[in-house]
Amino acid sequence: MRRFSILKRNGLGDTTKRILSSCFDYLFDLKYGIDTFSWVDLDDLKIDGNKKKRAKMYQPTCTLPLRKLLKELNIPPGKVFVDLGCGKGIVLLVASEFCFKEARGIELSPVLCDIAIKNCSVYKEKTKAGIDFVIFRSDAGDYGLNDDEDVFYLFNPFDEYVLKQALNNITASLQRRNREVLIIYRNPVHASIIEKNGNFTKLMDFSSWGWDFMVFSNFRPARTTG
Ligand SMILES: C[S@@+](CC[C@H](N)C(=O)[O-])C[C@H]1O[C@@H](n2cnc3c(N)ncnc32)[C@H](O)[C@@H]1O
């Protein structure tokens, strides 16, 4: 018992969970004949100099905790899901298990866009998922938001500068068409930027399988889940 609490205190409990959940994702790729699991270094993303300085490398979100969070959020059907910095598209594939109308991925790297398009097409063919996947090759900071987009996902894709641009774009879209939007932020290293923006309130901190997320909404008071 004492040994167990020492392990937990040292964070090894979380490490084990992360390894296990990653194994699951390796099998997910094998099952569907897709490629989302392997990391891609920034130098291999073919992103030009200035933008590269602001970008983070490709690392996929783990499917198990994301699925758990989306279940918990219980988002009404028919919404549009957007992954800002979608990488190889694994988050869009998980979103397709829920009742979203469309899953859009915005990705700066041409290499990853091509892989994401292929992954979405193979997955849709194999699962007959009833959702449209759309990949836009764009800088998330320059992406002119569509006013039908409701749920924004970020897995620590870029620095504070691009995050501020993305938040301004979301705010401008809300001014054109007011609606509830959610921002799901995994590994939220720049969460203070969202808090300082003033238009979004933190709905929850969420931890699962050793991975951390924060969820923000523009609606106050906080929406209830379940
Ligand atoms: C940590 S990965 C996350 C990938 C995916 N969202 C996921 O969770 O599986 C971050 C991704 O953001 C992309 N990225 C970095 N800067 C970007 C930008 N300014 N606009 C769009 N994508 C960007 C990277 O190329 C990379 O694929």
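Suppose we keep only residues that are surrounded by 10 or more Cβ atoms within 10 Å (Cβ to Cβ) and farther than 18 Å from Asp139 by Cβ within region 32-43. Which one would you say is nearest to the ligand (Cβ to nearest atom)?
The initial filter retains those residues of region 32-43 that are surrounded by 10 or more Cβ atoms within 10 Å (Cβ to Cβ), namely 32-40, 42.
When the remaining residues are screened for being farther than 18 Å from Asp139 by Cβ, the result is 32-39.
Values: Tyr32: 15, Gly33: 18, Ile34: 12, Asp35: 12, Thr36: 7, Phe37: 10, Ser38: 12, Trp39: 9 Å.
Result: Thr36.
Look through region 86-106, keep the residues that are within 17 Å of Leu73 (Cβ to Cβ), within 12 Å of the ligand (Cβ to nearest atom) and more than 9 Å from the chain's Cα centre (by Cα), and return whichever of them is surrounded by the fewest Cβ atoms within 10 Å (Cβ to Cβ).
Start the filter on region 86-106 by keeping residues that are within 17 Å of Leu73 (Cβ to Cβ), which leaves 91-92, 94-101, 103.
Within this subset, residues satisfying the condition of being within 12 Å of the ligand (Cβ to nearest atom) are 91-92, 94-95, 103.
Those left that are additionally more than 9 Å from the chain's Cα centre (by Cα): 94-95, 103.
Working: Val94: 22, Ala95: 29, Ala103: 27.
Only one residue tops the list, namely Val94.
Just one of (1) away from the ligand (no atom under 12 Å from the Cβ); (2) open to solvent by 90 Å² or more (accessible area, probe 1.4 Å); (3) at pLDDT 95 or above trips up Leu20, so point out which.
Just one mismatch for Leu20, condition (3).
Looking only at region 176-202, how many residues end up being assigned to a helix (DSSP H, G or I), among the polar types (S, T, N, Q) and either without any contact (Cβ under 8 Å) to a residue 12 or more places away in the chain or buried (at least 20 other Cβ atoms within 10 Å of the Cβ) (or both)? Walk me through how you get there before you give the answer.
Here is the first cut: in region 176-202, the ones assigned to a helix (DSSP H, G or I) are 176, 191-197.
Filter again for among the polar types (S, T, N, Q), leaving 192, 197.
Cutting the leftovers down to either without any contact (Cβ under 8 Å) to a residue 12 or more places away in the chain or buried (at least 20 other Cβ atoms within 10 Å of the Cβ) (or both) gives us 192.
Total satisfying the criteria: 1.
Hey, can you tell me all the residues within region 170-199 that are among the hydrophobic types (A, V, I, L, M, F, W, C) and over 22 Å from Gly78 (Cβ atoms)? Outline the logic, then answer.
First, pick out the residues of region 170-199 that are among the hydrophobic types (A, V, I, L, M, F, W, C): 170, 172, 174, 181-184, 189, 191, 193-194.
Correct list: Ala172, Val189, Ala191, Ile193, Ile194.
Checking Glu160 against (1) over 20 Å from Glu97 (Cα atoms); (2) of a type in the set (Asp, Glu); (3) in contact with an Asp or Glu (Cβ under 7 Å, 6 or more places away or on another chain), which single condition isn't satisfied?
(3)
If I ask for residues that are free of Cβ contacts under 8 Å to residues at least 40 places away in the same chain and outside any loop (DSSP other than H, G, I, E, B), which ones from region 29-52 would you list?
Correct list: Asp29, Leu30, Lys31, Leu42, Asp43, Gly49, Asn50, Lys52.
For region 155-164, check the following and say yes or no: at least one residue is within 21 Å of Lys53 (Cα to Cα) and touching a Leu at 6+ places or on another chain (Cβ under 8 Å). Spell out how you get there, then give the answer.
Filtering region 155-164 for residues within 21 Å of Lys53 (Cα to Cα) gives 155-164.
Next, only the ones that are touching a Leu at 6+ places or on another chain (Cβ under 8 Å) stay: 157, 163.
For region 155-164, residues within 21 Å of Lys53 (Cα to Cα) and touching a Leu at 6+ places or on another chain (Cβ under 8 Å): present.
Looking at region 55-69, which of the residues that are more than 6 Å from the ligand (Cβ to nearest atom) and assigned to a loop (DSSP other than H, G, I, E, B) is surrounded by the fewest Cβ atoms within 10 Å (Cβ to Cβ)? I'd like the intermediate steps shown before the answer.
First, the residues of region 55-69 that are more than 6 Å from the ligand (Cβ to nearest atom): 57, 62-69.
This time we only want the ones that are assigned to a loop (DSSP other than H, G, I, E, B), so: 57, 62.
Numbers: Met57: 14, Cys62: 24.
Restricting to residues being more than 6 Å from the ligand (Cβ to nearest atom) and assigned to a loop (DSSP other than H, G, I, E, B), the top hit is Met57.
Output the number of residues of region 140-154 satisfying the condition of being within 20 Å of Ile193 (Cα to Cα) and either in contact with a helix residue (DSSP H, G or I) (Cβ under 6 Å, 6 or more places away or on another chain) or not in a loop (DSSP other than H, G, I, E, B) (or both).
Qualifying residue count for the region: 7.
The values are calculated or read from the model by the stated rules, or taken from the named source; none is laboratory data. Everything numeric in this text was worked out from a predicted model, so none of it was measured. Positions of Cβ are generated from backbone atoms using ideal geometry, with glycine treated the same way; all protein chains shown enter the neighbour counts. Just so you know, the surface numbers come from the protein's heavy atoms only, side chains and all, with ligands and any DNA or RNA stripped out. Shrake-Rupley method; radii C 1.70, N 1.55, O 1.52, S 1.80 Å.
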